[in-house]
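What follows is a single structure, written as C-alpha cells, with notes after it.
The values are calculated or read from the model by the stated rules, or taken from the named source; none is laboratory data. Only a predicted model underlies this, so the values are computations on that prediction, with no experimental measurement involved. Here the Cβ positions follow ideal geometry from the backbone for every residue, glycine too, while neighbour counts run over all protein chains shown. Surface areas here come from the heavy atoms of the whole protein model, side chains and all, with no ligands, DNA or RNA. Shrake-Rupley method; radii C 1.70, N 1.55, O 1.52, S 1.80 Å.
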Amino acid sequence: MSTTGPDLSRVPLPRDATARLDDGRQHLFTSDLSVNEFLLVRQAGFRPVGLVLGSSVYHVGIQTGRWSKNMELDKLSQAMYHARELAMTRMEAEADRLGADGIVGVRLEIEFKEYGNDLAEFTAVGTAVVADAPPPTGRWRNTKGLPFTSDLSGQDFWTLIQAGYAPQGMVMGTCVYHIAHRGMMASMGTVGQNVEIPQYTEALYDARELAMGRMQTEAEQLEAEGIVGVQLLSLPHRWGGHTTEFFAIGTAVRPLREDHVIATPTLVLPLVD
C-alpha cells in the first residue's frame, strides 16, 4: 500500500533560495549535468528546470562502545540517517517549488567542519527535471507523491527510461558500528600468520547487512521492483579506527511497461573521400 510523504510546501526554505527558485521558473535553468548528460536527459523526455539543493549542519552526538564487543552505535546511526533525510527533504522541497517531476544526478555528501567539534554539513544536490509527457502508468512522481530522486548518471538514466523503467527514489541505509578490540594474547597468537580474524569478519558482515537491510526496507516502502546502482561504502569519519559507518545507497526503480528491451547499438562507419 502506498504511503503519503511529507508536505513539501510546508518545508521552510531560506529567503535567498526562494528568490532563486522563483527567478529560475521565469528565466533560465541551472544544472550540474555534463553536456552529454544534459542532452541524454533531454532525449529521454525530460527538461531541466533548475539546480536544487538541501543542507543540514548537524551536531553528531557522542556514544561509546564496549572495548571488547561488536555492537551498533544506534545513537550515531540515527544521527547520520536523520541529517541526510533533512538535506534530502529540503532538496525535494526546492524541486517541488519548481514544479519538477524528479531530480537526477543527485549527490549526497558530508563535510565535517573545523569550527565546531562533531559538526558536519550534510548536503544533497541535483538537477530538477520536468517530463515532456506523462508515463503509461500515470505520473512520474513516486508512490509517496514526491519528486523521484536518482543518483544515476545521465547516460544510465537515459538507458533506464529507454528500457521501460522509472526511478522511484534514492534509498539508503546506514549503520555506525563499533568493531571490538582484540586482546593482547589473541593479537600475539596471529603474529606472522595468514589467518582469518572471525571477530572482525563477523563485525563487518553484520554492519553491512544492517545497512543493506535498511536500504531494502526503504525500497519496499516505495513499492519498487528493485534497486540499481547500489554502492556500499565504509566511511570512517572522525570516530577512530574501531568505529565506522557502513552506508548503502542506490536508486529504487519500477517498471513502466511489460517489455524491457532497448535498441541494439549499430556500428556506423564514416565514409572518407
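Quick look at the numbers
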item	result
Computed magnitude of the charge dipole of the chain (debye, nearest 20; Cβ of K, R +1, Cβ of D, E -1)	440
Whole-percent carbon and sulfur share, accessible surface of the chain, 1.4 Å	54
Cross-link partners of LYS113 among lysines (Cα-Cα below 22 Å; sequence separation of 8 or more within a chain)	LYS75
Nonlocal amide H pairs with ASP101, under 5 Å, H built at 1.01 Å	VAL129, VAL130, ALA131
Sequence-distant residues sharing a close amide H with GLU225 (under 5 Å, placed H)	VAL253, ARG254
For the chain, built as a Gaussian network whose Cα springs stay under 10 Å, the top-fluctuating residue of GLY138, GLY154, GLY99	GLY138
Highest-fluctuation residue, ASP259, ASP32, ASP96 considered, GNM on the chain with Cα pairs under 10 Å	ASP259
Cα Rg over Rh - the chain, Kirkwood	1.06
Most mobile listed residue (LEU233, LEU146, LEU76) in the chain, GNM with C-alpha springs under 10 Å	LEU233
Value of [θ]222 nm, deg cm²/dmol, for the chain, DSSP H segments ≥ 4, -39500 (n - 2.57) each, nearest 500	-10000 deg cm²/dmol
Average projected area [Cα convex hull, the range 91-164], square nanometres	6.4
DSSP-assigned coil residues among trypsin sites (Lys or Arg not before Pro) in the range 66-124, each with at most 14 further Cβ atoms within 10 Å	ARG66, LYS69, LYS113
Accessible surface of VAL230 - all protein chains present, 1.4 Å probe, nearest 10 Å²	70
Order of exposure, largest accessible area first, which applies to MET91, MET170 with probe 1.4 Å	MET170, MET91
Probe 1.4 Å, accessible area per residue of the chain, Å²	55
Extension gain from GLU258 to LEU233, taking 0.36 nm per residue of separation minus the Cα-Cα distance	5.7 nm
